[in-house]
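Beneath this line is the structure, given in structure tokens, with notes to follow.
Every number here is computed from the coordinates shown, using simple stated rules; none is lab data. Just so we're clear, the structure is a prediction, and the values are computed from it rather than from any experiment. Reconstructed Cβ throughout: ideal geometry from the backbone, glycine too, with neighbour counts over all protein chains shown.
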Amino acid sequence: MTSRTVILSGMLGMMLVAMMAGPVMAQQTDRDRARIIMERIQKRYPDLLEAKNDGFIGETRRGVVAIVPANRERIPANRREAIERLVRDETSDRQQLFPIWARMINAERDPDDPPVTAAHAAEIYRAQQYELARAGHWLMDPEGRWYQKR
């Protein structure tokens with residue numbers, strides 16, 4: 001991670017804590033939206049972790065999840081629809097969060113600093129998810145190739 005990514009990652013962590021602690025008046029709408037989305041993500045986490053442990057879902061280079069192509073055919077027919085919905089819902093929620101987090105971070109930053117974009121927020125989240133991934137979980141490298149974490 002670059003020093004900028006480390007700093008932004010710390011800011012994102014502080015934003016998550018502040019968001020869960022209570023809204024600031026100027027950011028109430030974004031904080032409320034982010035809190036609601038994070039609650040959905042947390043509720044889905046056990047199912048997401050199970051699908052990752054089974055090798056069906058992995059973390060992409062864009063900060064979202066996807067079905068691992070090499071393992072798609074291994075997904076049991078009775079779980080396929082649920083896993084596809086899990087990927088769709090998780091990806092949608094994360095894509096909604098990234099611009100919200102960028103706005104929240106920018107609201108706290110010095111105006112002379114370059115603004116954080118949704119893409120920056122996604123990169124920070126991706127880096128955190130890669131670090132949190134367990135051995136055997138599938139990740140995507142910068143060129144779009146899938147590999148298992150060792």
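Magnitude of the Cβ-charge dipole of the range 69-150, K/R +1 and D/E -1, about the Cα centre, nearest 20 debye? Walk me through the numbers on the way to the answer.
On the way: 14 positive and 14 negative charges, 130 e Å.
Dipole magnitude for the range 69-150 comes out near 620 debye.
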Could you list Tyr147, Tyr130, Tyr125 in order of exposure, starting from the residue whose Cβ has the fewest other Cβ atoms within 10 Å? Tyr147, Tyr130, Tyr125
